[in-house]
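The values are calculated or read from the model by the stated rules, or taken from the named source; none is laboratory data. All of these numbers come straight from a predicted model, not from anything done at the bench. For neighbour counting, all protein chains shown are included, and Cβ atoms are generated from backbone atoms with ideal geometry for every residue, glycine included. Please note that ligands, DNA and RNA were not included when accessible areas were found on the heavy atoms of the full protein model with its side chains. Shrake-Rupley method; radii C 1.70, N 1.55, O 1.52, S 1.80 Å.
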Amino acid sequence: MIRPQQKQTKQLMDMRNAIKVGDEVITIGGVKGTIVSVNDDSVILETSSQKTRLEFVKNAIASNVKAAKVTENKQEDKKKIMKKNRNWFIAQT
């Protein structure tokens, strides 16, 4: 594997290992749900208002929606701070 692909694979493994109860996830098949139980190699998702529960292996998790939202908010905050600092610097010169 080339370096960027190794980095992406490691990030995906870290995300899957960091999953905890209450996280909102999407599987590789497109199933959205909330984690209600985590085992060593599997998770149980609750997928609807009728509390349908499905068991998936951790490798079937494609993304953690809750973690992605937090990361996105942090990036937006950084952009706002950079813009504010840039405007201050321009005003000072």
Some residue of segment 70-84 being open to solvent by 50 Å² or more (accessible area, probe 1.4 Å), in a helix (DSSP H, G or I) and at pLDDT 85 or above: no
Candidate set from segment 40-50 (those that are touching a strand residue (DSSP E or B) at 6+ places or on another chain (Cβ under 9 Å) and either open to solvent by 100 Å² or more (accessible area, probe 1.4 Å) or not hydrophobic (A, V, I, L, M, F, W, C) (or both)); member that is modelled with the lowest pLDDT: SER48
Residue count for segment 1-41, restricted to those that are within 19 Å of VAL65 (Cβ to Cβ) and not in a loop (DSSP other than H, G, I, E, B): 19
Single residue of segment 51-63 satisfying the filter (at pLDDT 90 or above and either farther than 12 Å from GLY30 by Cα or in contact with a Pro (Cβ under 8 Å, 6 or more places away or on another chain) (or both)) that is most open to solvent (accessible area, probe 1.4 Å): ARG53
Residues located in segment 1-31, provided they are over 11 Å from ILE61 (Cβ atoms), of a type in the set (A, V, I, L, M, F, W, C) and open to solvent by less than 100 Å² (accessible area, probe 1.4 Å): VAL21
